[in-house]
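Readers should treat all values here as calculations from the given coordinates under stated rules, not as data from a laboratory. This is a predicted model, so every value here is computed, not measured. All Cβ positions, even for glycine, are placed from backbone atoms using ideal geometry, and neighbour counts span all protein chains on display.
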Protein chains: 2
Amino acid sequence: MSETATHPTKVQLLELLAAIGTAQWREFAAAAAQYGLTPTQARVLAQLDGPVPMRGLAALLVCDASNVTGIVDRLEARELVRREPSPADRRVKNVVATEAGREVIRRVREEMQAAHGALDTLDETESATLYALLARLRPSMEKS
Amino acid sequence: MSETATHPTKVQLLELLAAIGTAQWREFAAAAAQYGLTPTQARVLAQLDGPVPMRGLAALLVCDASNVTGIVDRLEARELVRREPSPADRRVKNVVATEAGREVIRRVREEMQAAHGALDTLDETESATLYALLARLRPSMEKS
DNA sequence: CCAGATGTTTGATGTCATCAAGTAACTCGA
DNA sequence: TCGAGTTACTTGATGACATCAAACATCTGG
């Protein structure tokens, strides 16, 4: 392990971010799996605070709309989600989490937090600093 | 938008980390796609500094060994990778990046760095601080 | 030397991803 | 108002990943 605590290179920072990112993704996948969900299904469920049209889910997941059909089909088959027609636009189907769906995603979230005990070792100043620095890395998502 | 810059909650930090993680993953996927690689293929290629047995790749990817067979098949079909028998153990096949494979992954890495201009806005003190804080979040990955 | 463990592949199956095409419904201008 | 164009969703074809179970060759230890 190298001694670069004082001046990490850009590459080192990128790699560290990537390592943390994949670790977190695996934790999320594991938590979802405990409830028989794929990561993608859990991700969809997590977006459903209110009714969301299929098209909106595709935008959130950054994927083709036709993909969402199948994902919601599987969630619906397990009664975690419901399609209901939009009153405003008969083309649109709004996806809504059922009570069971909300319960499942609530538990997944709980486990994610429990898994991250490391965050508890940061004091308030440190977490504020970390948050501020990370916020500057958050992409605004301009076009390429 | 809430006013919690001074004291972000654990949940907010987790969400910010997740947002950055998925953004980075998408950038990686986009960079890989420019060379006709799937994210997984690029990830495998990135691991191949030296010869790595199939089993080792499965461990790095945290997936079933049988999965690696197909991934390496596709990379090998495009001459980005080669299987060579291990001299030490005739069961083992070592995967090695070809010259073309090394070149491709080098370019993917370059684009990743270019994409992250945001990192350049951190001065040395800031990046050192960020690195130190993130390092404390890096999981040691004990068993469950 | 033989029983068990290990490394790789194959085959079956399921989920996620794309694209192309089709249907229904909305919108807007002529 | 009517019709062309856009939008929302689904279906079908195809391909990459992911798992598991099973087969096979090879190593390893007693």
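How many residues, within the range A:93-122, are under 17 Å from the mean Cα position of the chain (by Cα), within 14 Å of chain B (Cβ to nearest Cβ) and of a type in the set (G, A, S)?
2
Answer with yes or no whether B:Q47 is out of contact with any strand residue (DSSP E or B) (no Cβ under 6 Å at 6 or more places or on another chain) and either among the β-branched types (V, I, T) or away from chain A (no Cβ under 13 Å) (or both).
Judged against the criteria, B:Q47 is not a match.
Could you look through the range A:17-34, keep only residues that are polar (S, T, N, Q) and more than 11 Å from A:E111 (Cβ to Cβ), and pick out the one that is surrounded by the fewest Cβ atoms within 10 Å (Cβ to Cβ)? Give the derivation first.
Initial filter on the range A:17-34 (polar (S, T, N, Q)): A:22, A:24, A:34.
After this cut, where a residue has to be more than 11 Å from A:E111 (Cβ to Cβ) as well, the list is A:22, A:24.
Working: A:T22: 17, A:Q24: 21.
Residue satisfying both the conditions and the ranking: A:T22.
With the condition kept exactly as written, say whether any residue in the range A:27-38 is part of a helix (DSSP H, G or I), away from DNA strand D (no atom under 14 Å from the Cβ) and either over 17 Å from A:E99 (Cβ atoms) or in contact (Cβ under 8 Å) with a residue 24 or more places away in the chain (or both). Walk me through it before giving the result.
Initially, the range A:27-38 is screened for residues part of a helix (DSSP H, G or I), giving A:27-33.
Restricting the remaining residues to those that are away from DNA strand D (no atom under 14 Å from the Cβ) gives A:27, A:31.
Right, trim to either over 17 Å from A:E99 (Cβ atoms) or in contact (Cβ under 8 Å) with a residue 24 or more places away in the chain (or both) and you get A:27, A:31.
Within the range A:27-38, one or more residues are part of a helix (DSSP H, G or I), away from DNA strand D (no atom under 14 Å from the Cβ) and either over 17 Å from A:E99 (Cβ atoms) or in contact (Cβ under 8 Å) with a residue 24 or more places away in the chain (or both).
Going by the structure shown, is A:E126 facing chain B (nearest Cβ under 10 Å), over 17 Å from the mean Cα position of the chain (by Cα) and part of a helix (DSSP H, G or I)?
Details: facing chain B (nearest Cβ under 10 Å): yes; over 17 Å from the mean Cα position of the chain (by Cα): yes; part of a helix (DSSP H, G or I): yes.
Yes.
Could you tell me whether the range B:16-26 includes any residue that is within 14 Å of DNA strand C (Cβ to nearest atom) and not in a helix (DSSP H, G or I)?
No; the residues of the range B:16-26 include none that is within 14 Å of DNA strand C (Cβ to nearest atom) and not in a helix (DSSP H, G or I).
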